[in-house]
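Note sheet for the following structure.
The values are calculated or read from the model by the stated rules, or taken from the named source; none is laboratory data. Being a predicted model, the structure only gives us computed values, none of them experimental. Methodologically, a virtual Cβ is constructed for each residue, glycine included, from the backbone with ideal geometry; neighbour enumeration extends over all protein chains shown. Note: areas computed on protein heavy atoms with side chains; ligands, DNA, RNA excluded. Shrake-Rupley method; radii C 1.70, N 1.55, O 1.52, S 1.80 Å.
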Amino acid sequence: MTRVPTTIPPDEAVIPERHPLAPAPGTLIPSHYSHCFGCGELHPTGLHFTAIAGEGQSLIGKFVVTENHQGAPGLAHGGLLSLAFDEALGKLMWLLRAPAVTARLETDFIAPVPIGTQLHINAQITGQAGRKVYSAAVGRIGSPEGPIAVTASALFIIVPMSHFLENAPKEYLEHIKKNPEILSYLDPEFEINP
């Protein structure tokens with residue numbers, strides 16, 4: 001049997017319940033790490049992507065494409081746009097309050113995204129089957145109703161928090177323990193000093 005990874009939920013997938021402690025609709029979904037290139041406010045050239053929790057299993061996020069994000073002169077780099085969608089789709093896991101990793105990300109580029117543009121990304125969970133969480137997103141130029149520039153879909157795999165603790169360099173984990181303020185948000189259910 002050949003394994004074919006896909007971002008399309010299987011027939012048995014269900015839309016998961018929103019976790020009771022998930023960010024409430026209309027509230028900011030926190031950054032997990034201040035130096036994250038995608039959502040960290042302290043990263044000097046990062047996206048500074050922000051997202052607001054929507055109803056059900058959805059969010060709306062945005063970021064401004066800067067000169068640090070260009071590939072072709074004056075246009076956003078395609079890989080950077082994929083990163084923005086990985087960030088948006090990954091933030092959906094806050095609604096499940098489940099740590100997860102990206103297993104597959106598919107991105108379709110429909111229109112160029114010039115620097116200076118604010119890209120709005122509307123993302124939603126499309127299904128869950130066991131540890132596999134499926135999601136999709138649409139990116140629009142200038143406003144949540146603007147022209148579509150990029151679409152994406154992804155498959156995330158829910159993992160235990162130990163996945164991150166066991167794979168990060170030990171020196172860096174020590175640095176975090178000594179400087180917990182670099183974590184933008186620390187889940188009260190997560191023990192930083194295991």
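See the values below:
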{"quantity": "Any hit, segment 54-70, residues being part of a loop (DSSP other than H, G, I, E, B), out of contact with any Lys or Arg (no Cβ under 8 Å at 6 or more places or on another chain), over 23 Å from ILE125 (Cα atoms) and open to solvent by 20 Å² or more (accessible area, probe 1.4 Å)", "calculated": "yes"}
{"quantity": "Test: VAL4 is open to solvent by 40 Å² or more (accessible area, probe 1.4 Å), at pLDDT below 95 and more than 27 Å from GLU145 (Cα to Cα)", "calculated": "yes"}
{"quantity": "Selection within segment 135-194 - modelled with pLDDT of 80 or more, within 24 Å of ILE15 (Cα to Cα) and open to solvent by 30 Å² or more (accessible area, probe 1.4 Å)", "calculated": "ALA136, VAL138, PRO144, THR151, ILE157, ILE158, PRO160"}
{"quantity": "Filter result (on the phi < 0 side of the Ramachandran plot, of a type outside the set (A, V, I, L, M, F, W, C) and open to solvent by 20 Å² or more (accessible area, probe 1.4 Å)) within segment 91-116", "calculated": "PRO99, THR102, ARG104, GLU106, THR107, ASP108, PRO112, PRO114"}
{"quantity": "Residue within segment 12-26 that is part of a strand (DSSP E or B), open to solvent by 40 Å² or more (accessible area, probe 1.4 Å), farther than 26 Å from GLY146 by Cα and not charged (D, E, K, R) present", "calculated": "yes"}
{"quantity": "Subset of segment 71-90 that is of a type in the set (A, V, I, L, M, F, W, C) and over 19 Å from ILE8 (Cβ atoms) - its residue that is surrounded by the most Cβ atoms within 10 Å (Cβ to Cβ)", "calculated": "ALA84"}
{"quantity": "Breaking point among (1) farther than 20 Å from ALA136 by Cβ; (2) without any contact (Cβ under 8 Å) to a residue 60 or more places away in the chain; (3) of a type outside the set (A, V, I, L, M, F, W, C), for ASP108", "calculated": "(1)"}
{"quantity": "Count of residues meeting criterion [over 17 Å from GLY61 (Cα atoms), of a type outside the set (A, V, I, L, M, F, W, C) and part of a loop (DSSP other than H, G, I, E, B)] in segment 122-159", "calculated": "2"}
{"quantity": "Number of the exception - ASN122 against (1) under 24 Å from LEU47 (Cα atoms); (2) modelled with pLDDT under 90", "calculated": "(2)"}
{"quantity": "Candidates LEU119, LEU165, filtered to the one that is on the phi < 0 side of the Ramachandran plot and in contact with a Lys or Arg (Cβ under 9 Å, 6 or more places away or on another chain)", "calculated": "LEU119"}
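Conditions (1) touching a Leu at 6+ places or on another chain (Cβ under 8 Å); (2) closer than 29 Å to PRO20 by Cα; (3) outside any strand (DSSP E or B), marked per residue:
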site	(1), (2), (3)
ALA72	no, no, yes
LEU80	yes, no, yes
LEU95	yes, yes, yes
THR107	yes, no, no
HIS120	no, yes, no
